[in-house]
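**Q** Below is a structure I'd like to ask you about.
The values are calculated or read from the model by the stated rules, or taken from the named source; none is laboratory data. Quantities reported herein were computed from a predicted structural model and do not represent experimental measurements. Here the Cβ positions follow ideal geometry from the backbone for every residue, glycine too, while neighbour counts run over all protein chains shown.
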Amino acid sequence: MRICLMTPSFLPAVGGMEVVVDRLAKQFQAAGHEVLVVTKRPSKHEPLPDLPYDVACYRKTRSSIWCLGPQRRILLQEHRRRPFDIIHAQAMYPSGYVAVGVGKQLNVPIVLTSHVGDIRPGSRYRRRWLPRRRMIWAMKNAAAVTGMSVVLKEIVDELTDGQAHSYAIPNGIDAPLPPPQQPPPDLSDLAGRPFMITLGRLHPNKGLSVLLDAMGILQSRGTAVPQLVLVGDGPLRAELEAQASRLNLQQAVRFAGLRQGPEKNWLLHACRFFLQPSIVEGMPLTVGEAMAAGKCVLGTDIGGTRELIRHGVDGFLAAPGDATAYADALAELASRSEQLGLADIEQAALASAHQRDWASVAKQYLSLFESVRSRRGNERSSI
């Protein structure tokens with residue numbers, strides 16, 4: 001098959017969608033398929049990395065509502081060069097809306113995938129009537145719509161009144177996680193002593209202010225827990241640093257900034273356990289990475305996190321947005337860790353990660369692609 005993966009954001013940007021597209025592109029190519037990624041052109045300061053598959057870029061526009069021409073034109077242009085067998089668009093809007101319109105014109109089946117930010121309640125596209133209307137139209141007219149969790153599939157069904165061909169296909173996990181190397185020079189003092197990490201974009205959806213409040217509660221109680229290392233960057237960094245200062249957490253919390261590659265792997269392998277206090281998630285890649293490092297994860301009882309973690313089996317879940325509940329769960333986890341009572345949880349986490357590797361996820365998508373192509377062929381022959 002010639003597969004076009006269309007995404008509104010891609011490498012070198014760092015986020016779940018960007019990683020998912022890259023991993024799927026590599027798996028599809030390894031399975032013998034031809035892959036093209038269509039995405040927005042990165043800024044002049046962020047050139048595309050060297051990649052083993054083709055990438056075609058359209059120019060950034062001023063409006064995702066009124067200026068969709070560049071996305072349409074590049075799909076048509078690339079299809080003329082080497083016709084697509086399938087277009088897999090990430091996000092229902094604007095990528096999904098554009099892809100479905102072009103797919104109808106070209107008679108190419110379209111599969112849409114939600115990464116939560118587009119269709120979740122309160123999202124900017126659901127709040128605005130025109131993107132919402134276009135998004136729903138795209139879902140109803142796509143050959144298939146997938147969400148990375150059962151919760152997202154249910155949202156698709158709700159928005160389309162059950163008229164979409166909807167499926168739940170989870171994110172994959174890089175398992176096994178590459179072995180650790182040397183610690184980053186500026187974090188070498190962490191080697192050999194207990195610490196815990198949270199990893200991801202410093203964004204309101206990640207619940208990091210709740211986590212800092214939980215750390216403040218534990219400090220006020222005199223409850224000892226390992227130092228927290230916040231790994232990542234984003235729009236909330238200054239605000240979170242100010243919050244940590246107000247709570248007198250300068251010694252208890254450390255901001256490590258963005259870490260990738262070997263540095264991130266070392267942190268995942270060396271930490272005592274992993275924290276994921278998110279209040280909104282699709283299916284967090286970072287939780288999967290921590291499990292692939294054999295770490296116990298304390299997540300929140302939401303969406304895809306709940307589908308990754310079986311509470312008390314391969315990790316633990318706490319109520320989202322509740323600093324006291326998270327503090328209580330963290331204190332219990334720290335106590336159990338001190339008593340070396342996490343070995344069974346860590347082994348179960350590692351086993352769960354191996355069952356969700358990217359190769360198995362890619363097979364699910366390829367099976368879906370073949371199914372919608374077959375369905376399209378049957379529809380043509382019946383006309």
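**Q** Val287 versus (1) within 18 Å of Asp174 (Cβ to Cβ); (2) among the aliphatic types (A, V, I, L, M); (3) surrounded by fewer than 18 Cβ atoms within 10 Å (Cβ to Cβ): which is the lone unmet condition?
**A** Just one mismatch for Val287, condition (3).
**Q** Go through the range 207-234 and give me each residue that's of a type in the set (D, E, K, R) and at pLDDT below 95.
**A** Asp233
**Q** Condition first: at positive phi, touching a residue at least 12 places away in the same chain (Cβ under 8 Å) and buried (at least 20 other Cβ atoms within 10 Å of the Cβ). Can you find one or more residues in the range 80-94 that meet it?
**A** Yes: the range 80-94 contains one or more residues that are at positive phi, touching a residue at least 12 places away in the same chain (Cβ under 8 Å) and buried (at least 20 other Cβ atoms within 10 Å of the Cβ).
**Q** Mind checking which helices (runs of 4 or more DSSP H) fall wholly inside the range 294-383 and carry at least 3 residues that are surrounded by fewer than 15 Cβ atoms within 10 Å (Cβ to Cβ), on the phi < 0 side of the Ramachandran plot and assigned by TED's automatic domain parsing to the domain that holds Gln29?
**A** Ranges flagged: 358-381.
**Q** Which is touching a residue at least 60 places away in the same chain (Cβ under 8 Å), of a type outside the set (D, E, K, R) and under 30 Å from Glu18 (Cα atoms), of Leu230, Leu240, Leu212, Leu208?
**A** Leu208
**Q** Only strands (runs of 3 or more DSSP E) wholly contained in the range 160-238 count here; list those with 3 or more residues that are buried (at least 21 other Cβ atoms within 10 Å of the Cβ) and not assigned by TED's automatic domain parsing to the domain that holds Val21.
**A** Where strands (runs of 3 or more DSSP E) fall fully within the range 160-238 and carry at least 3 residues being buried (at least 21 other Cβ atoms within 10 Å of the Cβ) and not assigned by TED's automatic domain parsing to the domain that holds Val21, they are 195-199, 227-231.
**Q** From the list Gly207, Gly200, Gly192, pick out the single residue that is touching a strand residue (DSSP E or B) at 6+ places or on another chain (Cβ under 7 Å) and closer than 20 Å to Phe273 by Cα.
**A** That would be Gly207, the only listed residue that is touching a strand residue (DSSP E or B) at 6+ places or on another chain (Cβ under 7 Å) and closer than 20 Å to Phe273 by Cα.
**Q** Also, quick follow-up: Would you say Leu106 is in the same structural domain as Phe369 (by TED's automatic domain parsing) and either crowded, with 18+ Cβ neighbours inside 10 Å or modelled with pLDDT under 95 (or both)?
**A** no
**Q** Then there's this: Mind checking which residues of the range 177-198 are at pLDDT below 95 and within 18 Å of the chain's Cα centre (by Cα)?
**A** Leu177
**Q** Select from the range 243-288 the residues that are over 21 Å from the mean Cα position of the chain (by Cα), in contact (Cβ under 8 Å) with a residue 60 or more places away in the chain and assigned to a helix (DSSP H, G or I) and list them in ascending order.
**A** Ala270
**Q** Using beta carbons and a limit of 8 Å, which pairs, at least six apart or on different chains, have the first residue in the range 46-62 and farther than 19 Å from Glu78 by Cα and the second one part of a loop (DSSP other than H, G, I, E, B) and not hydrophobic (A, V, I, L, M, F, W, C)?
**A** Close Cβ pairs satisfying both conditions: Glu46/Pro12; Pro47/Pro12; Pro49/Pro12.
**Q** A further question on this structure: Can you name the residue in the range 53-102 that is out of contact with any Asp or Glu (no Cβ under 9 Å at 6 or more places or on another chain) and of a type in the set (Phe, Trp, Tyr) and is also nearest to Pro42 (Cα to Cα) among such residues?
**A** Taking the candidates together, the pick is Tyr58.
**Q** How many residues, within the range 102-120, are touching a Phe, Trp or Tyr at 6+ places or on another chain (Cβ under 9 Å), in a loop (DSSP other than H, G, I, E, B) and farther than 17 Å from Leu159 by Cβ?
**A** Qualifying residue count for the region: 2.
**Q** Could you list, in sequence order, all residues of the range 344-358 that are more than 14 Å from Val287 (Cα to Cα) and within 17 Å of the chain's Cα centre (by Cα)?
**A** Answer for the range 344-358, where residues must be more than 14 Å from Val287 (Cα to Cα) and within 17 Å of the chain's Cα centre (by Cα): just Trp358.
**Q** Answer yes if at least one residue in the range 316-327 is in contact with a Cys (Cβ under 8 Å, 6 or more places away or on another chain) and of a type in the set (Phe, Trp, Tyr), and no otherwise.
**A** Yes; the residues of the range 316-327 include at least one that is in contact with a Cys (Cβ under 8 Å, 6 or more places away or on another chain) and of a type in the set (Phe, Trp, Tyr).
**Q** Taking the range 85-133 on its own, how many of its residues are closer than 24 Å to Gly303 by Cβ and not aromatic (Phe, Trp, Tyr)?
**A** Of the residues in that region, 27 qualify.
**Q** Under the condition of being of a type in the set (D, E, K, R) and surrounded by fewer than 21 Cβ atoms within 10 Å (Cβ to Cβ), which residue from the range 132-154 is nearest to Pro284 (Cα to Cα)?
**A** Top of the filtered list is Lys153.
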